[in-house]
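Q: Pasting a structure below so you can have a look.
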Amino acid sequence: MERINLLVLSDDLDLRIEIKNLVADDEFAISGYSGFTPEGKTKIINKFPEVVLCAVRGEVPESVFGFVQDLLTAARGTIVILANDNISVELVNKAAQYGIRKVLPVDGIESAEFSENISTVYKLEQQRILDTNEGKKVRCKALGFFGGKGGTGKTTLAIGVAAQLAKAGKRVMLLDLDLQFGDVAMALDLDTKNSIVDLVQDRGGITIENINGFAVEHSTGMSVLCAPKSSEYAEFVSPNHVEKIIDIMRPYYEYIIIDLPASFNDATITACENCEEIYLVYNNEILSLRNAKVCYCILEQLHQREKIRFILNKFEKGLVKAEDFEEMFQTKMFATVPADYPAALSSINKGLAVTVAHPKSEISKGICEIADKIIEVHTGVVPIKEKEEKKSALFKFNKR
Ligand SMILES: Nc1ncnc2c1ncn2[C@@H]1O[C@H](COP(=O)(O)OP(=O)(O)O)[C@@H](O)[C@H]1O
Ligand SMILES: [Mg+2]
């Protein structure tokens, strides 16, 4: 049986240990501990635990209720339970007003009873989600960035879009599936020894706890699961692994952004099959156009054509125009991102997403437009833009 993912919030370190002893190991996986702090909130949004257990001794301060209120706005769908040693009717009523599902005692209760109470609330909530179809509203989207040519900007755009979605408050996993030459870790200057290979080889198997354990938390708030450091490890990751990893991540993230290699191998094909959308990243030069055609035909044979969205990256006025692509594929370009070499180069050198290093650059504006469009298509909500960003990046670029 899958264990229920639980995060413990308490400013009292002893109480955290008491709670750990109270919850049954075989039923719950504790994904972390935190205080009622902004870091605690970030942890919850990133890890998206199924249950958050707030533990307080003595009178429950107003700030804890305020924290819960904010939390439930930011991480919809999380179940909050309060554990306290001084339960009164007033407390239970107040807790209910703030959306806390259950108030449990911390003293004089057996571990079995404590755990059963939590799992009953959890099961009831699962049933409610099933009955109301609510789960579909927060459905995850897996988005692959692909193209049959190296250097077109797949990684740059995948990183930029993922960082921008995280900045917009979305729960994002950036998955580097360029298994031989993945460079997300280097591009983001991530300090990690762990990669997807450690995950698939771990004795514990591919579980959400292991995924969280091997992924790195980036300063933008997104999680990143890196490719192996050395290309010879690529073969350890099978298509089945890829499918399972994406499947297991889905309930915990709103977006899984997948950076793919410039070739069709089994893992890439499986990733494409498991994505909702495939962004084909091209440049406006003749070889790119030809390559786009080849990729398009292969994806069509693999019955993935409906998922394709074209992104024309490093756009410069030149021989091949956006319209040429559109005419060839009889489809509108999803987005056009201008060439901006100084910004791209400097962000790589700084180990930052270009949207973080140079948010006002033309390339970042192009990336933000992609992220906004993704959110709009997914949720139907148009993200609020600053006034000066109303004109498209391409419009401004052409004006220069
Ligand atoms: N819009 C852009 N303008 C200028 N340079 C870009 C742009 N997008 C990407 N680059 C640069 O192009 C190079 C290749 O990009 P990368 O994202 O690694 O490509 P890929 O993943 O497709 O191989 C990098 O040096 C990157 O900084
Ligand atoms: Mg790449």
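Q: Which FRET efficiency, nearest 0.05, do Ile298 and Glu59 yield, Cβ-Cβ r, R0 51 Å?
A: Calculated transfer efficiency: 0.20.
Q: Expected output is a single nm value to one decimal: the length gained when fully extending between Arg139 and Leu287, i.e. 0.36 nm times separation in residues minus the C-alpha distance. What is it?
A: Details: separation 148, 0.36 × 148 = 53.28 nm, distance 3.72 nm.
Using 0.36 nm per residue and subtracting the Cα-Cα distance, I get 49.6 nm.
Q: Taking the mean number of other Cβ atoms within 10 Å as a proxy for protection, how do you rank 255-265, 109-119 from highest to lowest? Intermediate values should be presented prior to the final figure.
A: Details: 255-265: 23.2, 109-119: 15.5.
Ranking the peptides 255-265, 109-119 by packing returns 255-265, 109-119.
Q: Check which residues have an amide H placed less than 5 Å from Ala83's amide H, if you skip close sequence neighbours.
A: Residues meeting the amide H criterion: Cys54, Ala55, Val56, Leu104.
Q: Using the Cα centre as the reference, give the magnitude of the dipole from point charges on the C-beta atoms of region 129-224 (Lys, Arg: +1; Asp, Glu: -1; all else neutral), rounded to the nearest 20 debye. Could you put the intermediate results ahead of the total?
A: Values: 11 positive and 11 negative charges, 99 e Å.
Roughly 480 debye for region 129-224.
Q: Any idea what the dipole of the chain comes to, in debye rounded to 20, about its Cα centre with Lys/Arg Cβ at +1 and Asp/Glu Cβ at -1?
A: On the way: 47 positive and 57 negative charges, 378 e Å.
In total the dipole reaches around 1820 debye.
Q: Give me the extension gain from Thr120 to Ser238: residue separation times 0.36 nm, minus the current Cα-Cα distance, reported in nm with one decimal.
A: Numbers: separation 118, 0.36 × 118 = 42.48 nm, distance 3.70 nm.
Computed gain between Thr120 and Ser238 is 38.8 nm.
Q: Need the list of aspartates and glutamates near Lys365 for cross-linking: C-alpha distance under 13 angstrom, and skip anything on the same chain fewer than eight residues off.
A: Asp340, Glu386, Glu388, Glu389
Q: Next up: Per DSSP H run of n ≥ 4, the term is -39500 (n - 2.57); total these for the chain, divide by its residue number, and report the mean residue ellipticity at 222 nm rounded to 500 deg cm²/dmol. Walk me through the numbers before you get to the answer.
A: Working: 17 runs with 177 residues, N = 400.
Taking each H run of at least 4 residues, the total per residue is -13000 deg cm²/dmol.
Q: Could you tell me the convex hull volume per residue, in Å³, taken over the Cα atoms of the chain?
A: Details: hull volume 61.0 nm³, N = 400.
Once divided by residue count, the hull of the chain is 152 Å³.
Q: What's the FRET efficiency of Ser231 with Arg203 using the Cβ-Cβ distance as r and R₀ = 30 Å, to the nearest 0.05? Walk me through the intermediate numbers first.
A: On the way: r = 25 Å, r/R0 = 0.82.
The calculated FRET efficiency here is 0.75.
Q: I would also like to ask the following. Whole Å is fine, so just give me how far the alpha carbon centre of region 101-131 lies from that of region 16-38.
A: 14
Q: Please go through the residue pairs Lys193/Lys317; Lys170/Lys193; Lys244/Lys314 and name each one whose alpha carbons sit more than 31 Å apart in this structure.
A: From Lys193/Lys317; Lys170/Lys193; Lys244/Lys314, over 31 Å: Lys193/Lys317; Lys244/Lys314.
Taken together, the values in this text are just the output of simple stated rules run on the coordinates, not laboratory data. Quick caveat, the model's predicted, so the values are computed rather than measured. All Cβ positions, glycine included, derive from the backbone under ideal geometry; neighbour counts span all protein chains shown.
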